[in-house]
Amino acid sequence: MTNRNGFKESALAAVEAAIEKKALEPVLLDVSAESSYTDYILIVSARSDRQVQAISDHIIETFSARRVRPLGVEGVKDWVLIDFGVLVVHVFYHPVREFYDLEGLWIEAPRVPLAVPAESRAYEPMY
């Protein structure tokens with residue numbers, strides 16, 4: 001992520017990578033006007049701890065292929081944070097995401113419109 005114009009494109013690439021691994025309810029927030037540490041925050045959910053790890057790994061692999069390495073990766077089995085500088089990704093086990101409600105903390109931040117497939121909705125039947 002070397003230039004300002006590529007930031008949104010990179011954030012959207014992270015959304016795509018998450019959806020490829022069946023992430024639920026992706027939300028991309030543009031926090032550039034509210035935050036000094038990042039421009040975008042991506043929040044996605046997973047159906048299990050194993051899926052949290054699979055989604056996180058796939059996002060990191062996708063960016064590695066673009067020659068972008070995370071500045072840091074933090075997490076436990078039900079929540080992983082990946083810091084790419086201008087993009088911070090949160091991958092949650094869905095009930096944990098609902099508990100922490102990061103979207104509520106960033107309620108003033110504009111949401112980037114995303115084309116989210118029906119199977120990526122958390123409130124659709126999962127079986």
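Observations on the structure shown:
- Residues located in region 17-55, provided they are assigned to a helix (DSSP H, G or I) and either farther than 18 Å from Gly75 by Cα or touching a residue at least 12 places away in the same chain (Cβ under 8 Å) (or both): Ala17, Ala18, Ile19, Glu20, Asp49, Gln51, Val52, Gln53, Ala54, Ile55
- Within region 68-81, residues that are farther than 23 Å from Phe7 by Cα have Cβ atoms under 6 Å from residues that are hydroxyl-bearing (Ser, Thr, Tyr) in these pairs: Asp78/Tyr93, counting only partners at least 6 apart in sequence or on another chain.
- Residue tally, condition within 16 Å of Leu87 (Cα to Cα), loosely packed, with under 15 Cβ neighbours inside 10 Å and not hydroxyl-bearing (Ser, Thr, Tyr), over region 17-42: 2
- Unique match (being under 15 Å from Leu114 (Cβ atoms) and of a type in the set (Lys, Arg)) among Lys21, Lys8: Lys8
- Residue under evaluation Val86, criteria (1) under 15 Å from the mean Cα position of the chain (by Cα); (2) at positive phi, criterion not met: (2)
- Residue that is touching a helix residue (DSSP H, G or I) at 6+ places or on another chain (Cβ under 7 Å), buried (at least 22 other Cβ atoms within 10 Å of the Cβ) and of a type in the set (Ser, Thr, Tyr), where the choices are Ser56, Ser45: Ser45
- Selected residue (criterion: surrounded by the fewest Cβ atoms within 10 Å (Cβ to Cβ)) from residues of region 70-112 that are assigned to a helix (DSSP H, G or I) and aromatic (Phe, Trp, Tyr): Phe99
- Residues within region 78-115 that are farther than 22 Å from Lys21 by Cβ and touching a strand residue (DSSP E or B) at 6+ places or on another chain (Cβ under 6 Å), tallied: 3
- With respect to the conditions (1) more than 24 Å from Ala118 (Cα to Cα); (2) surrounded by 15 or more Cβ atoms within 10 Å (Cβ to Cβ), Glu61 lacks only one, and its number is (2).
- Of all residues assigned to region 91-102, at least one qualifies as being closer than 20 Å to Ala122 by Cβ and hydroxyl-bearing (Ser, Thr, Tyr).
Readers should treat all values here as calculations from the given coordinates under stated rules, not as data from a laboratory. Just so we're clear, the structure is a prediction, and the values are computed from it rather than from any experiment. Virtual Cβ from ideal backbone geometry, glycine too; neighbours counted across all protein chains shown.
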